[in-house]
Ligand SMILES: [Zn+2]
């Protein structure tokens, strides 16, 4: 009898928790969005993310609010002996948050909910890739990566590549673009869009631009896009996301169709932000 009562209480408690949990998460997120961030957060971000200085004040405030949530909810794991610092959490969280800041429902209904952990390596890390060539032939290749987003629950980043970034690349934006690309179950260069016509427009523009990049590279013509973007459509989307935020004016001038699609998807217009971006 006692066992029976205990089981009923446990079931009721679980049901109550399942009912309450989403509203508790919503309230906590709302509270975090509205609370002020520590002063040194902005210094850390400004030191690592130059585009921070160009963000309009209201947008900056909202991205910082999201960063609070990201830093609180995600587990950061140092790999190969790396000690994760608050600055690392904040710098990564800020850039991840920027990508979704204007997405409807963020953060109250959803906000990188599937992502559980961010693994940080001190520097580029080696991965062993197995390629099946058919007829039982298998090759193994070891590659050094600065980031990897191959499953929704985990993101892997190299801190050295975040800290010593070059002027145009951005490994955090790149990997989180892959994460968003995966949301509709396939990493194929097309993230989740609103409807079929949006997919059609995206597909036309992206294939055109992808082919154009291949043609330019083959003909030896100069292009503002990193040749790595020509590897596959998923890499094209991740690389143009970096360029959209890091060199928006140049992208708008040279690839207006691409800029327009990204502007619609991210609901942001970085070329219109003040400051000295190219
Ligand atoms: Zn990539």
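Per-structure values
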| read-out | value |
| --- | --- |
| Cα centroid separation, the range 150-165 to the range 240-271 (Å) | 23 |
| FRET efficiency estimate (nearest 0.05) - Cβ-Cβ, residue 79 to residue 102, R0 25 angstrom | 0.20 |
| Computed E for residue 129/residue 57 - FRET, C-beta separation, R0 35 angstrom, nearest 0.05 | 0.20 |
| Among 30, 218, 43: highest mean-square fluctuation, GNM of the chain, C-alpha pairs under 10 Å | 218 |
| Helix 171-181 axis, angle to the chain major axis (alpha carbon atoms, nearest 10°) | 70 |
| Estimated FRET transfer efficiency when R0 is 35 angstrom, pair residue 3-residue 24 (beta carbons, to 0.05) | 0.70 |
| Projected label distance in nm at residue 199 and residue 31, using a 7 Å step from Cα toward the beta-carbon | 4.1 |
| Between 0 and 90°, nearest 10: helix 196-219 axis offset from the chain longest Cα axis | 40 |
| Gaussian network model of the chain, Cα within-10 Å springs - most flexible of 69, 45, 108 | 108 |
| Three-way shape call for the range 40-109 based on the alpha-carbon gyration tensor, with the a/c threshold at 1.5 | oblate |
| Rounded if a/c under 1.5, otherwise prolate or oblate - the range 153-230, Cα gyration tensor axes | oblate |
| Helix 2-34 axis, angle to the chain major axis (alpha carbon atoms, nearest 10°) | 40 |
| Mean ellipticity per residue at 222 nm, deg cm²/dmol - from DSSP H runs of n ≥ 4 across the chain, formula -39500 (n - 2.57) | -17000 deg cm²/dmol |
| Residue 267-residue 43 pseudo-label distance in nm [points 7 Å out on the Cα-to-Cβ vector] | 3.4 |
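A short reminder: the numbers here are calculations on the coordinates, not readings from a lab. Just so it is clear, the structure is predicted and the values come from calculations on it, not from any experiment. Please note: Cβ atoms are built from the backbone with ideal geometry, for glycine as well, and neighbour counts cover all protein chains shown.
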